[in-house]
Structures are given as structure tokens and as C-alpha cells.
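**Q** Here it is, the structure in full.
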Amino acid sequence: MTTRKLSWIFAARVLAVVLCVSGVAQAMDSVPKAEYRVRRAALSAGLKGGVAVVFAGTEPVLDFMPFRQDADFYYLSGWIEPGAALVVIGPGPETKTRLGDIVPAHGYKEILFLPARNLVTEKYTGIKMDAATAGVAAATGFDAVLPMTALPEVLTTFVGEDRRRGQNIWSQTDVPAAKASVEFLAASLGVAVIGNGANDVRVLTMGLRTVKSAAEIELIRKATDASIAAQIAGMKAIKPGVRERTVAGIEIETMMAEGCERPSYAPIVGAGKNSTTLHYSSNEALMKAGEVVVIDAAGEYSLYASDITRTMPVGGKFTARQKEIYDIVLGAQRAAAAAFFAGKMRLGNVSERGPEVTDTLDKVAFDYINTHGKDLHGEPLGKYFLHGLGHSVGIDVHDPMDYSKPLDKGMVFTIEPGVYIAEEQIGVRIEDTYYVGQDGRLVDLVAKLPHETTDVEAAMRK
Ligand code: GLY
Ligand code: MN
Ligand code: MN
């Protein structure tokens, strides 16, 4: 065989391995690979010339148990396999030490560290990539990919060049492997602690994750569309005598058939008195005619969550009292959405509902509920709105966000007022997931799922 022919065969084999392995790693949708690098570069700007070391989640001991990637690691890498780490070095200027030595300027650097392949466990888990796999840098989108064993040396070399960098090590302070890595770095440098220990990298990633890109919003839209289909299937399955769990199963089946990899939280199907328990999830009761049923169920699509709740009459028709409460909750949701103003309004929460609060959507919804309708004792209904109005949504269904700051362009969050009157066994929650467009307008991703009582009743019959 000629050398030329041999190199073609080699190239074809390399391509086959890359396709095969990247097929394993990239079965899901993703934002464009270049976007992850933009995120890493944005993170590097906050490192004060230091280094971020972020670990992936670890493989469960029993490898058939579910694995979900660490949210911040995924946000920065797009890598869904367990057992990796990444390092991002932020650029820093030339400086002088106290002894007068020049420390040269250093530039941006990013490295993905992958564990060595284990051909035995791959019989259980399927083929993995490691740093020696041909084409791994292109497949992962990182400037460099090294084996995990190189991580201590990279960290020790960078911080050892100028120990002041030890003040700016950013890591997951809640992850044992990340903590161990920082402690080993200190040991490698011959000290007990480096800097004051690691800074919490999640403080920096929170700021980045709060504002979603167009590609992220598209993934949340896909999660939401699949979840809308699930909610509609659930509505049709509600009948007296049907178990709550049966409806939960139908919702899970539908969202997965529509492309979700899993529910984004344990589905809640609570009828009658269970409708008044906020996070009821045993879903074990049989539904009875005359009850309302709260269904809080949604899926995650390519690791992006949605979050939706609807409330239905088990017998197919709301009573006058159920409709009265339902319309108050719906009115509160609409009042909050109408009061939205990008860059001005915050979400707020239950602990700030006093007369002095004028800039939160939560307060708008609370005021609406508290000034419409009464309980059986003639009291206002505000005290039955037991939880905050909403939360940020993203890779996590409760995505990190600084709630003291106003909502703004690119943010994704829920508006989910609820009234839970245990005495009347009536719980109503209506929850949609929204995003703020680049024009500052609020867009309801769940707009096409019925909101009005008559539309909910009609959807149950269809
Ligand atoms: N599904 C959980 C929540 O609404 O916050
Ligand atoms: Mn929610
Ligand atoms: Mn919910």
C-alpha cells in the first residue's frame, strides 16, 4: 500500500472515531460551540488575573443511576460527560513583586481536562473521549485538552509563577473534588492554605447565567413546547377515579416523546386538599369529582428547563367558587405581567410585601389577590398566596439570579401566583415561563396553553 493510501485510511479511521465518540457526547441539542468559548472568555474577565477551576459532576457509583452534569460546568463547557474539569486563566498585566522582580503579563488560557478512558467501564457506559482521542480539541471546542493528571501541574505552575495569584482562585466551594484540587495546590506550593482559600466561582457564573442568549431561549422554548403538549395530554386524562400518579406518568411520557430527556422537577399532581400543598409530589390519591387538581409539570430539553402549572376541575367543570378563586389568580398573573418594565421591576418575594414596596411583580400580584375576593370568614385572600411570585429559569429550573436586581433583557423567569385555601380544599396555581426580548417586552412562552377557565374546560373535553 502506498503511504498516501495509508494516510487516507488513517484519516478515515480518525473521522470514524470522532463521529462515533462525538455522537455519544452530543446526542442532545446545544447552543453553538463557539458560545461556550464566549462564556469562558466572559468569565475570564471577572477573575482579576486569576484562575477558575471548575469540575464536572462525578459518575454515580452505580453507573446506571441518573447523571446530570454540574450546571456551571455545563454552562461553561457544553460537556455532558462525568469526571472532567476545566481551567480558565484570566489575562493579567505585567507587575513587579515586592523584591522588584518583573512578572510578565499573561494572556487568556482555557483547558479542558478529561479523565483517562477505562475500556472496562466503557462496556457499561459506552465509548468516551479522553485527551488522547484524535480531534478532541475540535470536538470539545476548547483551545486545549489535557488529561486530568495534568491539572495539578497546570495550577501549580500558574500560581507558583506569582503567588499573589493565589488570592484569585475561583472554584466550586461546595464540590469536594474542586476543594481537594485547591488544597492539593496549596500542598504543592508547600503551604497549608493558598490565598484565603478559593473564591466561589458560582458568584461569577450567576451573573453570566442570568442573561440568556437567543440560542438558550430557543432551548427553553423547545422545553416549553414539549411541556405544553404534556400539560394538554394531562388535562385530557383527568377524570374522577383516576390516580394523580397516572396523570403524572402521562405528562412525563408526553414530554419525553416530544424530545425532553427528563422532567425538570418531580411533577406535582395534587387534587382536592392536595391542591393546597405547595410541593405535594407523592401523587398517590384518586381524584374525585368536585375537586380541583393542580398540575405543576414540565420537562427539560438539552439541559434547559421549563416550568408550567395549570389548575383543572376534576369533573370537567369548575364550581362557581372554584372559578372565582381561579379568576383571581389569573387576574394576579395578568396584573403582574402588565406591570413588568424592563430594567425597573424586580421579581420580589414573600418577605417584602409591605406598603413601602413599589418595584416588585410579587407585590403587584399580592395586592391584586388581597383586594379581590374573600375567604369563608370575610378575610382578604392575600394570606393564602404563600410563596414568592416566581424565579429565574435556565439550566436549573430555579436558576441562580440576584433577586435584588431588576429584571431585564434576556432574562427568563416564571410568574406563578397561587391561592391555597386548605379549609375549602381549593388550591389554584397558574404558572407560565416568560422571557424578556431584546426590545424589553415580556414574552409568554406558555401563551398557547389555555388560561381562561372556559378554555381549560374545553381542552379537557377535546
Ligand atoms: N415547579 C417548581 C416551581 O414552580 O417552582
Ligand atoms: Mn416555578
Ligand atoms: Mn412549577
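Please treat every number below as a calculation from the coordinates, not as lab data. As the structure is a prediction and not an experimental result, all values here were calculated from the model. Positions of Cβ are generated from backbone atoms using ideal geometry, with glycine treated the same way; all protein chains shown enter the neighbour counts.
**Q** Multiplying the sequence separation of Ala337 and Ala422 by 0.36 nm and subtracting their Cα-Cα distance, what value in nm do you get?
**A** Separation in residues times 0.36 nm, less the Cα-Cα distance, equals 27.9 nm.
**Q** Only Cα pairs under 8 Å and at least 6 apart count here; give the relative contact order of the chain as a rounded whole percent.
**A** Averaging sequence separation for qualifying contacts and normalising by length gives 12 percent for the chain.
**Q** Give me the angle, in degrees from 0 to 90, between the Cα long axis of helix 151-161 and the longest principal axis of the Cα atoms of the chain, rounded to the nearest 10.
**A** Result, in degrees: 70.
**Q** Tell me, what is the Rg over Rh of region 228-291, with Rh the Kirkwood radius over Cα pairs?
**A** Working: Rg = 11.5 Å, Rh = 11.9 Å.
With Rh from the inverse mean 1/r over Cα pairs, Rg/Rh is 0.97.
**Q** Using the Cα atoms of region 23-120, I'd like the radius of gyration and the largest Cα-Cα distance, Dmax, both in angstrom.
**A** Answer for region 23-120, Rg first and Dmax second: 17.0, 57 Å.
**Q** If one takes the longest principal axis of the Cα atoms in the chain, at what angle in degrees, from 0 to 90 and to the nearest 10, does the Cα axis of helix 361-370 lie?
**A** The angle comes out at about 20 degrees.
**Q** For Leu361, Leu286, Leu449, what ranking results if the residue with the fewest other Cβ atoms within 10 Å of its Cβ goes first?
**A** Leu286, Leu449, Leu361
**Q** Would you list, by chain and number, the lysines whose Cα falls below 24 Å from the Cα of Lys317, excluding same-chain residues fewer than 8 positions away?
**A** Within the straight-line limit of under 24 Å, Lys317 reaches these lysines: Lys236, Lys239, Lys273, Lys288, Lys374, Lys448, Lys462.
**Q** Tell me the trypsin sites (Lys or Arg not before Pro) within region 300-392 that lie in a loop according to DSSP and have at most 13 other beta-carbon atoms within 10 Å.
**A** Here the trypsin sites (Lys or Arg not before Pro) that fit, given the DSSP loop and packing criteria, are Lys344, Lys374.
**Q** Would you calculate the convex hull of the Cα atoms in region 70-152 and tell me its volume per residue in Å³?
**A** 124
**Q** I need to check one value: relative contact order of region 342-462, counting alpha carbon pairs closer than 8 Å and at least 6 residues apart, in percent.
**A** Values: 201 pairs, mean separation 25.3, N = 121.
Averaging sequence separation for qualifying contacts and normalising by length gives 21 percent for region 342-462.
**Q** Region 415-462 to region 194-234: how many Å between their Cα centroids?
**A** Region 415-462 and region 194-234 have Cα centres separated by 21 Å.
**Q** Students often forget the sequence filter, so: which lysines lie under 24 Å Cα-Cα from Lys96 once same-chain residues fewer than 8 apart are removed?
**A** Candidates past the 8-residue exclusion: Lys48, Lys109.
**Q** Which value in Å is the Kirkwood Rh of region 406-447 over different Cα pairs?
**A** Every distinct Cα pair counted, the radius reaches 11.7 Å.
**Q** Rounded to two decimals, what is Rg over Rh for region 184-283 when you use alpha-carbon atoms and the Kirkwood radius?
**A** That ratio is 1.26, to two decimals.
**Q** Translational diffusion coefficient, Stokes-Einstein: compute it for region 344-462 using the Kirkwood radius over C-alpha pairs as Rh, at 10 °C and 1.306 mPa s, and state it as an integer in µm² s⁻¹.
**A** Rounded to a whole number, D works out at 101 µm²/s.
**Q** Additional query: Looking at region 83-190, which GluC sites (Glu not before Pro) are DSSP coil and have at most 16 other C-beta atoms within 10 Å of their C-beta?
**A** Answer in residue order: Glu94.
**Q** OK, next. Rounded to the nearest 500 deg cm²/dmol, what is the calculated helix-only ellipticity per residue at 222 nm for the chain, with -39500 (n - 2.57) per DSSP H run of length n ≥ 4?
**A** My calculation for the chain gives -11000 deg cm²/dmol from helical runs alone.
**Q** Among the lysines, select those whose C-alpha is under 24 Å from the C-alpha of Lys344, and discard any that sit fewer than 8 residues away in the same chain.
**A** Once the sequence-local lysines are set aside, what remains near Lys344 is Lys212, Lys363, Lys405, Lys409.
**Q** Same structure, new question: One quarter of the convex hull surface, Cα atoms only: what value does that give for the chain in nm²?
**A** 28.8
**Q** Right, next: Relative to the longest principal axis of the chain, what angle (0 to 90°, nearest 10) does the C-alpha long axis of helix 214-237 take?
**A** Once rounded, one gets 40 degrees.
**Q** Can you tell me the equivalent ellipsoid semi-axes for region 255-368? Use √(5λ) from the Cα gyration tensor, largest first, whole Å.
**A** Its equivalent ellipsoid spans semi-axes of 28, 22, 12 Å.
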